[in-house]
1. Taking interchain pairs and intrachain pairs at least six residues apart, which have beta carbon atoms under 6 angstrom, with the first residue in segment 70-97 and more than 21 Å from Val189 (Cα to Cα) and the second part of a helix (DSSP H, G or I) and away from the ligand (no atom under 16 Å from the Cβ)?
2. One residue is enough: does segment 136-151 have a residue meeting the conditions crowded, with 17+ Cβ neighbours inside 10 Å, modelled with pLDDT of 85 or more and part of a helix (DSSP H, G or I)?
3. Could you say which residue among Asp158, Asp177 is within 22 Å of Met24 (Cβ to Cβ) and open to solvent by less than 50 Å² (accessible area, probe 1.4 Å)?
4. Return the pair list, or none, for Cβ contacts closer than 8 Å from residues in segment 10-27 that are among the aliphatic types (A, V, I, L, M) to residues that are within 8 Å of the ligand (Cβ to nearest atom), at least 6 apart or on different chains.
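The values are calculated or read from the model by the stated rules, or taken from the named source; none is laboratory data. All figures in this text were calculated on a predicted structure; none of them were measured in a lab. Methodologically, a virtual Cβ is constructed for each residue, glycine included, from the backbone with ideal geometry; neighbour enumeration extends over all protein chains shown. Heavy atoms of the whole protein, side chains included, go into the accessibility calculation; ligands, DNA and RNA do not. Shrake-Rupley method; radii C 1.70, N 1.55, O 1.52, S 1.80 Å.
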Amino acid sequence: MSDKYKTLLLFGAPGSGKGTQGKMLGKLPGFFHVACGDVFRAIDLNSEVGKVFLQFSSKGELVPDDFTIRLWKEHIEKLVHTKRFRPDQDVLVLDGIPRNIHQAQMLDDHIEVWKLIVLRVIHNRAEVVRRLKSRALKENRLDDANDKTIENRLEVYDHESRPVLEYYPTDYRVDVDALQSPIEVAHDVLSAILGRTQEMHAIEFPSVAAK
Ligand code: ADP
């Protein structure tokens, strides 16, 4: 048997609702959710590691890959060690990682992708910006606080993260319309997990940063 973690990747632009859906899945028996952004945000921001995170995230940029994967790996190993995550029983639900092809390659040593669920915000950049700003207020998030940082985050998604979709075989992938209400998105995500795929699968994925 493979010792890689059986993994469901939740993928989508900032503001597409990965965190909301990931948390929901993480509450179900047999699923364990880890959001890469949460791993970073749990670090003391005055520590050296915390300062590196702030330096990049406050500009809407990705934290360097080696640093990110090392931190992610340490975090998961701690969860396994403390038996909160049980890889022999639970599917790992990852959100926010991998965010570029290099990270996807680095993760290949550790994860076996079982499903790739893509939360799509089609031609509605205004809704994405609205969600990010509303979250900035509620969660005190520096990276969503101003227009320039948001713009940069969407550009980074388009240029660095979106190509990750081509990295994985299309038969693992199901696309879900993330502009529906959270409960409708949850319905489609669960249907995707249960194998009832949507016809959206075939539609081309448009640029979220495009105006
Ligand atoms: P969102 O869900 O809105 O896309 P996250 O909470 O996942 O935001 O990430 C917040 C910030 O943390 C990112 O803008 C980036 O600076 C950093 N970050 C999170 N995940 C990664 C990653 N896999 N690689 C590099 N940087 C990351």
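1. Pairs found: Phe85/Leu79.
2. Yes, some residue in segment 136-151 is crowded, with 17+ Cβ neighbours inside 10 Å, modelled with pLDDT of 85 or more and part of a helix (DSSP H, G or I).
3. Testing whether each residue is within 22 Å of Met24 (Cβ to Cβ) and open to solvent by less than 50 Å² (accessible area, probe 1.4 Å) leaves just Asp177.
4. So the pair list comes out as Leu10/Lys18; Leu10/Asp95; Ala13/Tyr157.
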